[in-house]
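The values are calculated or read from the model by the stated rules, or taken from the named source; none is laboratory data. What you see is a predicted model, and the numbers here were worked out from it, not measured in a lab. Reconstructed Cβ throughout: ideal geometry from the backbone, glycine too, with neighbour counts over all protein chains shown.
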Amino acid sequence: MNKIAKYSLLIIFLILLFLVYNNYPKLNMITGFAAKNVCSCAFEAGRDLESIETGDNDFGPVYYAENKIDYENRSVASTVFGLKQRKAVYQDGVGCILLPEDIERANFEIPKPNRIFSTSQAPYPYGKARQQDTIFPSVNYDNMQVAIKQAFDPEGEKVKRTRAVVVLYKGHLIAERYATEFDRSTKLLGWSMTKSITSAVLGVLEKQGKISLEQDNLFKAWENDERAQITLNNLLQMNSGLEWEEDYSTISDVTKMLFLEENMPSVQLQKPMVGEPDSIWNYSSGTSNLLSGFLRNQFTTHQEYLDFWYKELIDKIGMDSMVIETDLEGNYVGSSYGWGTARDWAKFGLLYLNGGNWNGEQILNRSWVDYSATPANNSDGEYGAHFWLNAGGKYPNVPKDLFSSNGFQGQYVFIIPSEDLVVVRFGLTDEPEFDVDGFLSGIISALH
């Protein structure tokens, strides 16, 4: 072997050594993310490994993971250079669950939620029948198509990486578009859009008179310390004063919770206070999962908890494709793991656009919807009760009454009451690669 070849091999070895050394503490997170995401995309959305690896997992350092799908056992194993193998296992009704490190397959069986799927033959969005052709004279449909087309990459580019756009105007579907390999039946991960669903489930309980925003003493573990003063409102508005670090680029509270923890509500439950309630706004996925734990405590049995999310909200508005995945203890991961088609996510936006009313049935109190879109203290007008807001003018060319469910990598359900408009966008990039203000203002301009 000549010297050049030897030096080349040495350089490659040193690079690999550096990558492993630099990322070894993160390998649990890398392989955990990879295994969980591949498992859900494969078994929940029915996609193939190549599509997942060149799409959803195509960012550093996750792309170092080697993933193997076991279709017979409905599981996925992921490693990086043969190190830190993690496995995720699929179960009907509750999705993919990431197993603890070094466990091949746990002996667990999480109860399956009971579903009541829609049989309505009304046109979409209220039923399964074909969308009725509705022409609004004020809408410039050519300009609408141009605005939506601009949200997608030209052939061969991977910048905006939009996968789906759905537009509902005055309760009617007026436009939709999908990237290659995606269509109206493809389930897509909402990531933190799931937080808004968690908030809505609490809204149902509030309408039933079973909880109130100002109630405190929320958990038995807090009854003898200062955390007893935290209210349900504080948790929903992310200003509880509890310690939390939300950083996906490193080993932080949120990455440890999602990729190491078997019981996700317990993580925020154990955190100390670092400030008075309502004095510090701090975005926290741990808080959303704590609220999932609070919801669990409102029911006598675990099965009642699992069924309630679907029976009283998701299935009531015909979101048949929707699945909220659980952790290993069977808690819904209310911060991050909601799957559904773009059309079904649009139904969720329409529920809020209509003030909590679904085709004549009041699912949420109108006051709960208004509360959701009211700025939380110290959020600079950008956050309400598990919804993001434009009250502070973040999007200057979009009405300030916009509120939205937002998720990692640019997942959105935008609700704009003044325009009677719901816009859904799924993709793999957020701002600045994807211009939200330009996208929405283009759609709004086409309405007039």
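When the range 336-370 is filtered for residues that are in a helix (DSSP H, G or I), closer than 17 Å to PHE426 by Cα and of a type outside the set (A, V, I, L, M), the ones remaining, listed by number, are ARG343, ASP344, TRP345, LYS347, PHE348, GLY349.
Within the range 259-268, the residues that satisfy the criterion of being part of a helix (DSSP H, G or I) and not hydrophobic (A, V, I, L, M, F, W, C) are PRO265, SER266, GLN268.
Beta carbons closer than 7 Å, at least 6 apart along the sequence or on distinct chains, never pair a first residue in the range 215-239 that is closer than 18 Å to VAL267 by Cα and outside the structural domain of GLY275 (by TED's automatic domain parsing) with a second that is part of a loop (DSSP other than H, G, I, E, B) and aliphatic (A, V, I, L, M).
A single member of TYR126, TYR141 is surrounded by 15 or more Cβ atoms within 10 Å (Cβ to Cβ), hydroxyl-bearing (Ser, Thr, Tyr) and not assigned by TED's automatic domain parsing to the domain that holds TRP309, and it is TYR126.
Given the condition under 22 Å from HIS448 (Cβ atoms) and of a type in the set (Ser, Thr, Tyr), answer yes or no: does some residue in the range 381-402 qualify? Among the residues of the range 381-402, at least one is under 22 Å from HIS448 (Cβ atoms) and of a type in the set (Ser, Thr, Tyr), which makes the answer yes. For THR186, indicate whether it is touching a Gly at 6+ places or on another chain (Cβ under 9 Å), closer than 23 Å to GLY407 by Cβ, of a type in the set (S, T, N, Q) and part of a loop (DSSP other than H, G, I, E, B). Criteria met by THR186.
Can you tell me how many residues within the range 388-398 are touching a residue at least 24 places away in the same chain (Cβ under 8 Å) and either outside the structural domain of ALA342 (by TED's automatic domain parsing) or surrounded by fewer than 17 Cβ atoms within 10 Å (Cβ to Cβ) (or both)? Qualifying residue count for the region: 2.
In the range 129-138, what residues are exposed (fewer than 12 other Cβ atoms within 10 Å of the Cβ) and among the hydrophobic types (A, V, I, L, M, F, W, C)? Matches in the range 129-138: ALA129, ILE135.
Looking only at the range 292-322, residues that are under 15 Å from the mean Cα position of the chain (by Cα) and either surrounded by fewer than 24 Cβ atoms within 10 Å (Cβ to Cβ) or on the phi > 0 side of the Ramachandran plot (or both) come to 1 in all. Scanning the range 216-241 for residues that are touching a Leu at 6+ places or on another chain (Cβ under 9 Å) and either over 19 Å from LEU295 (Cα atoms) or surrounded by fewer than 18 Cβ atoms within 10 Å (Cβ to Cβ) (or both) yields ASP216, PHE219, ALA221, TRP222, ALA228. Just one residue in the set LYS271, LYS256 is surrounded by fewer than 17 Cβ atoms within 10 Å (Cβ to Cβ), assigned by TED's automatic domain parsing to the domain that holds ALA373 and either of a type outside the set (Gly, Ala, Ser) or part of a helix (DSSP H, G or I) (or both); that residue is LYS256.
In the range 408-422, the residue that is farthest from ARG184 (Cα to Cα) out of those that are crowded, with 23+ Cβ neighbours inside 10 Å and touching a helix residue (DSSP H, G or I) at 6+ places or on another chain (Cβ under 6 Å) is ILE415. Just one residue in the set ALA151, ALA175 is touching a residue at least 12 places away in the same chain (Cβ under 8 Å), part of a loop (DSSP other than H, G, I, E, B) and of a type in the set (A, V, I, L, M); that residue is ALA151. Of everything listed in (1) within 30 Å of GLU101 (Cα to Cα); (2) among the small types (Gly, Ala, Ser); (3) part of a loop (DSSP other than H, G, I, E, B), the single unmet condition for GLY318 is (1). The helices (runs of 4 or more DSSP H) found wholly in the range 1-107 and carrying at least 1 residues that are β-branched (Val, Ile, Thr), over 24 Å from SER252 (Cα atoms) and modelled with pLDDT of 95 or more occupy 49-53. Restricting the first member to the range 90-107 and to residues that are in the same structural domain as ASN263 (by TED's automatic domain parsing) and more than 18 Å from MET257 (Cβ to Cβ), and the second to residues that are at pLDDT 70 or above and surrounded by fewer than 19 Cβ atoms within 10 Å (Cβ to Cβ), no beta-carbon pair is closer than 7 Å while six or more apart or on different chains.
Yes or no, residue by residue, for (1) closer than 22 Å to GLY384 by Cβ; (2) of a type in the set (Ser, Thr, Tyr):
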{"residue": "TYR169", "(1), (2)": "no, yes"}
{"residue": "LEU173", "(1), (2)": "no, no"}
{"residue": "ARG177", "(1), (2)": "no, no"}
{"residue": "SER212", "(1), (2)": "yes, yes"}
